[in-house]
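Reviewing the structure listed below.
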Amino acid sequence: MPVAPATPPLRLSPKVLLTYPLRMLPSLLLPLAGVLFIGGFSPGSFVWAAFGIAGSVVYSAIRWATFTYQVVGDRLELTRALISRSVRTIPLERIRGVDVSTPPLHRLLDIAVLRIDTGAGGGDKQEGELDGVTAAEAERLKAVLLWHARARAGVQARTGPDGAGLTDATPGGATAVPDLAGAAPGAGGPAAVRHGTLGTPGPHGTSGTPGAGEAAPGQVFPETAPGRVFLMVPRKWLLYGPLSGAYLLTPFALVAGAVGAAFQWGGELNIDERTVWSMGEWLWEHPLLLAAAFVLLLLAMPVVGMVMYAVFNWDFTLRSREGYLVAERGLLTRRSVSLERRRVRGFELVEGLVERRAGMARTWAIVTGLGDSETRGQLLPVVPRVTALEVTGEAAGRITTELRRHPAAARRRRLFRAIFPWLVIAACAAAAAVAESGFWWGLMAAALLLAALGVPLGLDRYRSLGHTYDGSHLSVRSGSLRRSQAVVERRAVVGWTLSQTWFQRRAGLVTVTAGVGAGTGGYAAVDVGEAAGTGFVAEVTPDWLAPFVEAGPPA
C-alpha cells in the first residue's frame with residue numbers, strides 16, 4: 001500500500017475566534033457576576049470584568065494559533081505548540097468512524113466539528129477532535145480519512161473518497177491514495193476528485209432533493225450501487241416522537257433540573273435554601289395549584305416529546321457510502337455519524353410498551369470497537385416496526401427463523417417475580433395497619449393493586465422471551481416495558497456463559513449469554529430449559545462444546 005504524501009500543516013478556520021469566547025461565556029458568567037457584585041457595580045468592577053472578557057479572547061486566539069493538523073504518511077497528527085510541543089498521533093488504520101456535527105452557531109458561521117473515533121477503550125469520548133474546520137473541509141477530510149482507514153485495513157476500495165471511480169493506479173497495480181489536497185496521484189498526473197451528489201446512482205436518482213425516480217421520504221430501495229439511501233424519515237413521522245418514554249418525560253426533567261439549579265445556584269442569586277423550601281410548602285398548602293401544574297405537565301408531554309424528537313431526528317437519513325453506514329440527523333445541531341459496515345455484527349431492536357402497542361420500534365447497530373454506542377450506534381429513531389426490520393435487515397443482516405418459546409417454568413418465574421414482592425409489602429402493611437391503622441391501609445391497597453397489575457406484566461414478559469439460530473445469525477429477546485431483541489452474526493460470538501441461580505436450578509432453567517466483541521459485550525437468552533440451553537450453544541458453536549461433552553461407550 002503506498003504511503004500517503006505528507007501535507008502542509010493546516011489550521012482551523014479563523015471563525016473559531018468567535019465561537020471559543022462564546023463557549024467559555026457560561027463558565028465566566030458567575031465569576032464576572034461576582035466581580036461586579038463585589039465591586040458594587042463601580043466603574044472599576046466593569047473594567048475588571050472587561051479584562052476577563054478580553055482575556056478569554058486572547059486565550060482563544062492563542063489556542064487557534066498554536067494548533068495544527070496534518071496527515072503524515074499513515075497517520076493523522078494533531079499538534080499544539082505553545083511553551084511545549086504536544087503531538088497526538090492517530091494511525092489511519094485505527095479510525096473506526098468520523099463524525100461531523102454543526103451546532104447552531106457553527107452552522108451560522110459555516111464551520112463544523114469533526115470528531116474521530118478509534119474505539120480506543122470503547123468510551124464515549126472520541127480520540128481526536130477538530131472543532132472549527134470549514135464545512136467543506138470537514139466533508140473532504142472525513143472522506144479522505146475514511147478512505148485511508150478502509151484502504152489500510154485491507155479493504156479493496158472501488159471508489160474514491162467522494163464516490164467517484166478511481167481509474168488511476170500507481171505502478172505495480174496498487175490503488176492510488178488520495179491526499180488532503182483532494183487529488184489522487186496517478187501515472188498520468190493528479191486526477192481531480194469531484195464531490196458528487198449524495199444519493200443512489202442509477203434508476204433511484206439522488207438523495208439531495210427527491211424528485212422523479214429518486215428516494216422519496218420513507219421509501220426503501222434494494223442496494224444496487226454504492227451511496228444508496230436506505231431510508232429518509234418523513235417529517236410526518238415526527239408525530240411518533242411522543243411514543244418514546246424518554247421524550248415524554250422531558251417536561252418533568254426540566255422541572256427537576258430547575259429545582260436542582262435553584263438549590264445549587266441559590267446562593268449566587270440571593271435565594272437561600274429556606275426560601276426554596278418555603279415556596280415548596282406554599283405549593284403543598286395549595287393543592288389545586290399543584291394539581292393544575294401537574295395537569296399542565298401531563299398535557300405538555302406529547303407536545304414537548306414531538307418537539308424533542310424533531311430537534312434530535314429532523315430529516316433523519318440512513319445511507320450506505322463507500323463501505324460505511326452514514327446516519328445524518330438533527331435540526332439545531334446537524335450531525336453525521338459513519339459506521340464501518342465490515343465492523344457491524346448485527347442490530348438491536350428496542351420497543352417500549354407504548355411503541356409496541358402502536359407498532360413502532362427503534363434500532364441500534366451492534367458494532368465492534370465503537371465508542372458512545374448509545375448515541376453513535378443508532379440506526380433508526382422511532383419508526384414503524386415493519387420499516388425498522390426491513391431497513392436493518394438490509395443494512396445489518398436479518399434473522400430468517402421464528403423465535404423459540406421458553407418452557408412453562410419460565411412463565412411461573414416471571415409471574416412470581418412480578419407479584420410476590422408486592423404481596424410481601426401488602427402483608428407487612430396489613431400487619432402494621434392492624435396495629436396502628438391510618439396510612440398503612442392505603443399502602444396495603446396500593447401494593448395489592450400493583451400485585452394485580454403484575455399478572456399481565458409477568459405474562460407479557462414471558463411472551464417476550466425467545467431465542468433462535470438460523471445458521472448465520474442468532475437472536476435473543478427479553479423485556480416488557482422495554483423489550484429488546486438482539487440479532488447477532490455467528491462470527492461475532494467469542495464465548496458463552498451459562499449461569500443458574502438457586503431458583504433456576506430448582507426450576508430446571510438456565511440463562512445462556514453469548515459473549516460478543518461488540519455492542520454491550522453480551523446478549524442473554526433468559527430462563528431457557530437446561531437441555532435447550534446447552535443445545536443452543538452446541539447448535540451455534542458445535543466445535544466449542546465438543547471437548548466438554550463426555551463421549552458414549554463404544555458400540
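Side notes on the structure shown:
- Of all residue pairs spaced 6 or more apart or on separate chains, those with beta-carbon atoms under 6 Å, a first member in the range 49-61 that is assigned to a helix (DSSP H, G or I) and a second member that is open to solvent by less than 50 Å² (accessible area, probe 1.4 Å) and among the aromatic types (Phe, Trp, Tyr) are Ser60/Tyr20.
- When the range 292-332 is filtered for residues that are open to solvent by 60 Å² or more (accessible area, probe 1.4 Å) and within 13 Å of Ser101 (Cβ to Cβ), the ones remaining, listed by number, are Phe312, Leu331, Leu332.
- Put simply, of Gly466, Gly393, Gly369, Gly377 the only residue that is free of Cβ contacts under 8 Å to residues at least 12 places away in the same chain and not basic (Lys, Arg) is Gly393.
The rows are residues; the columns are (1) in contact with a His (Cβ under 8 Å, 6 or more places away or on another chain); (2) among the aromatic types (Phe, Trp, Tyr); (3) more than 17 Å from Tyr309 (Cα to Cα); (4) modelled with pLDDT under 90.
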| site | (1), (2), (3), (4) |
| --- | --- |
| Arg362 | no, no, no, no |
| Ile366 | no, no, yes, no |
| Gly371 | no, no, yes, yes |
| Leu380 | no, no, no, no |
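- The residue of the range 71-90 that is surrounded by the fewest Cβ atoms within 10 Å (Cβ to Cβ), among those that are in contact with a Ser or Thr (Cβ under 9 Å, 6 or more places away or on another chain) and of a type in the set (Val, Ile, Thr), is Val87.
- Residue match in the range 395-406 (condition: among the acidic types (Asp, Glu), under 18 Å from Val229 (Cβ atoms) and either out of contact with any strand residue (DSSP E or B) (no Cβ under 7 Å at 6 or more places or on another chain) or surrounded by fewer than 20 Cβ atoms within 10 Å (Cβ to Cβ) (or both)): no
- Output for the range 74-86, where each listed residue is modelled with pLDDT of 80 or more and farther than 14 Å from Leu130 by Cα: Asp74, Arg75, Ala81, Arg85, Ser86
- Filtered residues of the range 63-91 (kept if of a type in the set (A, V, I, L, M) and assigned to a strand (DSSP E or B)): Val71, Val72, Leu76, Leu78, Ala81, Val87, Ile90
- Annotation note: of Arg342, Arg417, Arg357, Arg411, the sole residue that is assigned to a helix (DSSP H, G or I), basic (Lys, Arg) and without any contact (Cβ under 8 Å) to a residue 40 or more places away in the chain is Arg357.
- Extreme residue, surrounded by the fewest Cβ atoms within 10 Å (Cβ to Cβ), among residues of the range 111-134 that are at pLDDT 90 or above and over 26 Å from Val367 (Cα atoms): Thr134
- Counting only residues that are open to solvent by 20 Å² or more (accessible area, probe 1.4 Å) and not aliphatic (A, V, I, L, M), the range 376-394 holds 6 of them.
The values are calculated or read from the model by the stated rules, or taken from the named source; none is laboratory data. Note that this is a predicted model, so its numbers are computed, not measured. Note that we place each Cβ from the backbone using ideal geometry, even for glycine, and neighbour counts take in every protein chain shown. Ligands, DNA and RNA are excluded from the accessible area calculation, which covers all protein heavy atoms including side chains. Shrake-Rupley method; radii C 1.70, N 1.55, O 1.52, S 1.80 Å.
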